[in-house]
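Comments concern the structure below.
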Amino acid sequence: MGLIITGNVMVDRRAMTGTGTVVLESGTPLEPFRRWAQASRKEGAQVWMQINHPGRQVMANMMALVKRRLRALGNGATQARRYSPLMTMLIGQFRLALLTRRYRAWLAAAG
């Protein structure tokens, strides 16, 4: 019994915070995560995964979309999006992580 809190699990491999970091993004094989969860819960412990995006630590090339859009706005372009490209990407990644978690819970309940 107990609670296991994982280290940071990144949602984008382009923005790693260090070597050896675990990444869970679209297309990541889920079998290693299943084995990890099964081993962790073997004695009845709960496992909480810390899903993380580095925010300000995002690499410079990821900021290119935002800089290009700001430059276009400065030159008179109108804002067509509700969110910045970076925010849209982050929302999508966190949404994917949430949907993946819900799908896994559904699979566990169904099988």
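Available extension along the chain between L30 and Q50 is 5.6 nm, counting 0.36 nm per residue and deducting the alpha carbon span. Summarising the amide proton neighbourhood of I51: residues at separation of 5 or more, or on other chains, whose placed amide H is nearer than 5 Å comprise V9. Label positions at R68 and T21, each projected 7 Å from the Cα along the C-beta direction, are separated by 2.3 nm. Converting phi to 3J(HN,Hα) with the Karplus coefficients 6.51, -1.76 and 1.60 and the offset θ = phi - 60°, the range 66-77 yields 5, 4, 5, 5, 4, 4, 5, 5, x, 8, x, 5 Hz in sequence order, with x at every glycine or proline.
Annotation: amide H-H contacts under 5 Å for I4 (H modelled 1.01 Å from N, sequence separation of 5 or more, or interchain): Q46, V47, W48.
Each residue of the range 27-39 was assigned a 3J(HN,Hα) from its phi angle through the Karplus expression (A = 6.51, B = -1.76, C = 1.60, θ = phi - 60°), giving x, 5, x, 8, 4, x, 5, 4, 5, 4, 5, 4, 5 Hz with x at Gly and Pro.
Each value in this text was obtained by applying a stated rule to the coordinates, not by laboratory testing. Values in this document were obtained by computation on a predicted structure and should not be read as measured data. For neighbour counting, all protein chains shown are included, and Cβ atoms are generated from backbone atoms with ideal geometry for every residue, glycine included.
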